[in-house]
Amino acid sequence: MTTTDTAPAPVPSFDDPGTEGRKLAIICSKGNLDMAYPGLILANAALGEGVETHLFFTFWGFDMITRSTMGDLKFTMLGNTATHMPQGLGGLPGMTALATSKMKKAIADLDVPEVPEFLEQIVASGGHLWACRLSADMNHLTEEDLHEEVEGIISASDFIELTNGAQLLFI
Amino acid sequence: MTIATLAGHEFHVNEEGFMTVPAEWDEELGAALAAQIGLEMTDAHWEVIRFLRADFAETGETATLRRVGARSGVPVKQLFALFPQKPAKKMAYVAGLPKPHGCV
């Protein structure tokens, strides 16, 4: 039995040739908790769409992959007018810790992992993590000091070379 | 909304081809949908699809890749191996569920 609007099942175009070979490079340059997530979320989303994704951690973004800091990034109201709170409040003792724990709870409530686990998920999804050579040298850090999934400490030119043709995000 | 036919089943789909009435799905149709996108279902695939169906029945939302990886016991890396390139969307499609809405 057929009806007039019955048709063979359409098939979603999961393998659109237009996106084949698409590459994304994300430069993470910030070490605040709130600024760590945009890069991680976008990388995760890109990988889920089959896009080859490389992240480069540089300057303050190095804190995102350094073992001693990556689980302890902070969020502060200071200098961030988007909290819409009096700036003076942000300078009171304990305010950064309070703001950080509130943000961490909000993130966890959405089932979004903490930074170290998020990095693991990105690598499990096929993503690549690269550490900036200059940042490592400035902080006297070696690969042993970094998240175990970091593929290597490379120069800015190496990163530019290996992301040839990629779309780029600077965060 | 279109009524689609596949492998002797009739079901509602959106313009992309995702099923819009989860109750119209059964595993036989799931296997036919998988074949449409070049997947041959194995026990490992079914473990994931059954998790998605059960989770949807409980929450009313399609699990994101992160949620499947964290709760089904199947690691994210394996999800990419089972449903290559776009695992979250492919899993939802085979399970007869809407695309996941969550960002992570």
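The values are calculated or read from the model by the stated rules, or taken from the named source; none is laboratory data. Keep in mind that this is a model prediction, so the values were computed, not measured. Methodologically, a virtual Cβ is constructed for each residue, glycine included, from the backbone with ideal geometry; neighbour enumeration extends over all protein chains shown. We work out accessible area using only protein heavy atoms, side chains counted, and drop any ligands, DNA or RNA first. Shrake-Rupley method; radii C 1.70, N 1.55, O 1.52, S 1.80 Å.
The residues of region A:129-138 that are of a type outside the set (Gly, Ala, Ser) and surrounded by 13 or more Cβ atoms within 10 Å (Cβ to Cβ), listed by number, are A:Leu129, A:Trp130, A:Cys132, A:Arg133, A:Leu134.
Among the conditions (1) at pLDDT below 95; (2) of a type in the set (Gly, Ala, Ser); (3) in contact with a Cys (Cβ under 8 Å, 6 or more places away or on another chain), A:Gly88 misses just one, which is (3). If you go through region A:139-161 and keep only what is touching a residue at least 12 places away in the same chain (Cβ under 8 Å) and either surrounded by 16 or more Cβ atoms within 10 Å (Cβ to Cβ) or part of a loop (DSSP other than H, G, I, E, B) (or both), you end up with A:Asn139, A:Leu141, A:Asp145, A:Leu146, A:His147, A:Glu149, A:Val150, A:Glu151, A:Ile153, A:Ile154, A:Ser155, A:Phe159. Taken together, the residues in region A:89-120 that are under 15 Å from A:Leu33 (Cβ atoms), assigned to a loop (DSSP other than H, G, I, E, B) and free of Cβ contacts under 8 Å to residues at least 40 places away in the same chain amount to 2. Of the listed requirements (1) more than 8 Å from chain B (Cβ to nearest Cβ); (2) surrounded by 16 or more Cβ atoms within 10 Å (Cβ to Cβ); (3) part of a loop (DSSP other than H, G, I, E, B), A:Ser68 misses just one: (2). The residues listed here are B:Glu16, B:Glu10; of these, the one that is over 19 Å from A:Asp15 (Cβ atoms) and among the charged types (D, E, K, R) is B:Glu10.
With respect to A:Ser157, determine if the residue is more than 17 Å from the chain's Cα centre (by Cα), over 15 Å from A:Pro38 (Cα atoms) and hydroxyl-bearing (Ser, Thr, Tyr). For A:Ser157, the condition - more than 17 Å from the chain's Cα centre (by Cα), over 15 Å from A:Pro38 (Cα atoms) and hydroxyl-bearing (Ser, Thr, Tyr) - is met. Which ones in region A:15-36 are within 14 Å of chain B (Cβ to nearest Cβ) and surrounded by 20 or more Cβ atoms within 10 Å (Cβ to Cβ)? Selection gives A:Ala36 alone. Please work out if B:Gln78 is within 26 Å of A:Val51 (Cβ to Cβ), of a type in the set (S, T, N, Q) and either modelled with pLDDT of 95 or more or in contact with a Leu (Cβ under 7 Å, 6 or more places away or on another chain) (or both). When the stated conditions are applied, B:Gln78 passes them. Can you name the condition, by its number, that B:Glu61 falls short on among (1) open to solvent by 40 Å² or more (accessible area, probe 1.4 Å); (2) farther than 24 Å from A:Phe118 by Cα? Looking at each condition in turn, B:Glu61 falls short on (2). Those residues that are under 22 Å from B:Pro100 (Cβ atoms) and without any contact (Cβ under 8 Å) to a residue 40 or more places away in the chain, I need them from region B:3-13; list them, please. Answer for region B:3-13, where residues must be under 22 Å from B:Pro100 (Cβ atoms) and without any contact (Cβ under 8 Å) to a residue 40 or more places away in the chain: B:Ala4, B:His12, B:Val13.
Of the residues making up region A:1-14, just one is more than 7 Å from chain B (Cβ to nearest Cβ) and modelled with pLDDT of 80 or more, namely A:Ser13. Within region B:48-58, the residues that satisfy the criterion of being loosely packed, with under 15 Cβ neighbours inside 10 Å and not basic (Lys, Arg) are B:Ala54, B:Ala57, B:Glu58.
Go through the residues of region A:110-128 one by one and say whether even a single one is among the hydroxyl-bearing types (Ser, Thr, Tyr) and buried (at least 18 other Cβ atoms within 10 Å of the Cβ). Yes: one or more hits. Of everything in region B:57-90 that is assigned to a helix (DSSP H, G or I), more than 7 Å from chain A (Cβ to nearest Cβ) and touching a residue at least 24 places away in the same chain (Cβ under 8 Å), the residue that is nearest to A:Asp111 (Cα to Cα) is B:Leu79. Restricting attention to region B:10-39, the residues that are outside any loop (DSSP other than H, G, I, E, B) and either crowded, with 17+ Cβ neighbours inside 10 Å or within 14 Å of the chain's Cα centre (by Cα) (or both) total 16. Evaluation of B:Lys99 against the conditions (1) open to solvent by 50 Å² or more (accessible area, probe 1.4 Å); (2) more than 13 Å from chain A (Cβ to nearest Cβ); (3) not β-branched (Val, Ile, Thr) shows that the sole unmet condition is (2). If I filter region A:79-88 for residues that are over 19 Å from A:Trp130 (Cβ atoms), away from every other protein chain (no Cβ under 14 Å), open to solvent by 60 Å² or more (accessible area, probe 1.4 Å) and in contact (Cβ under 8 Å) with a residue 12 or more places away in the chain, do I get at least one hit? For region A:79-88, residues over 19 Å from A:Trp130 (Cβ atoms), away from every other protein chain (no Cβ under 14 Å), open to solvent by 60 Å² or more (accessible area, probe 1.4 Å) and in contact (Cβ under 8 Å) with a residue 12 or more places away in the chain: absent.
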